[in-house]
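Structure record follows, encoded as structure tokens.
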Amino acid sequence: MTPRTTTVRIPRQRRGRRSSEPFVIVVPERIPLSHELLFFIGRKLWAHRRGLLPLLLALAVLLTTALLHAMAWWSGLVLAPVAAAPLVWLVTVHRRYPTERATVRFWRVALALLSTTALAWAAMAAAFGPLTGPLGGWWLALVIAAHLVWFVARPLPASKETR
């Protein structure tokens, strides 16, 4: 956005030289404070976009389930069996890649439970509406849990000292 300017003409003064031209002052207009605030918020959101990924995905799922509920309420019945897929994955991984490390088992179980509850919420939201009854609170709890997992599990960006 290019700033606009205002030209102010000051007429010739009576005192001084008679042949002097009038002064022309060009004053740039300031961007309104609301625009500066929006630009600031936009820059901060862009700088922290990786940390906002779980929230953006949760909002996309919320809108998708709202559309599914409005267009085809029966899609919840189709999504319900899909909620068991993470549990099948957990059993398969435990059989193929057994581990003695408790942390690995904890992360596998935690991710499978989080995925199962998220898919169960999606199925119920598509069937009954995403904010019906306790589904709104359930969605909020899933968003908070996803953010916690995201911030704990993802690697931190390299700092300037470690480069």
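Observations on the model:
- Filtered residue count, the range 117-134, keeping only those that are in a helix (DSSP H, G or I) and either of a type in the set (Gly, Ala, Ser) or surrounded by fewer than 18 Cβ atoms within 10 Å (Cβ to Cβ) (or both): 9
- Residue match in the range 36-46 (condition: surrounded by 11 or more Cβ atoms within 10 Å (Cβ to Cβ), outside any loop (DSSP other than H, G, I, E, B), more than 21 Å from the chain's Cα centre (by Cα) and not charged (D, E, K, R)): no
- Of the residues examined, residue 50 is not one that is over 18 Å from the mean Cα position of the chain (by Cα), surrounded by fewer than 13 Cβ atoms within 10 Å (Cβ to Cβ) and either modelled with pLDDT under 95 or part of a helix (DSSP H, G or I) (or both).
- Residue match in the range 83-101 (condition: among the hydrophobic types (A, V, I, L, M, F, W, C), modelled with pLDDT under 95 and assigned to a loop (DSSP other than H, G, I, E, B)): no
- Residue match in the range 67-76 (condition: polar (S, T, N, Q) and in contact (Cβ under 8 Å) with a residue 12 or more places away in the chain): yes
- Residues that are surrounded by fewer than 18 Cβ atoms within 10 Å (Cβ to Cβ), without any contact (Cβ under 8 Å) to a residue 24 or more places away in the chain and aliphatic (A, V, I, L, M) within the range 79-112 comprise 88, 91, 93, 102, 104, 109, listed in sequence order.
The values are calculated or read from the model by the stated rules, or taken from the named source; none is laboratory data. If you're wondering where the values come from, they're calculated on a predicted model, not measured in any experiment. Positions of Cβ are backbone-derived with ideal geometry, glycine not excepted, and every protein chain shown enters the neighbour counts.
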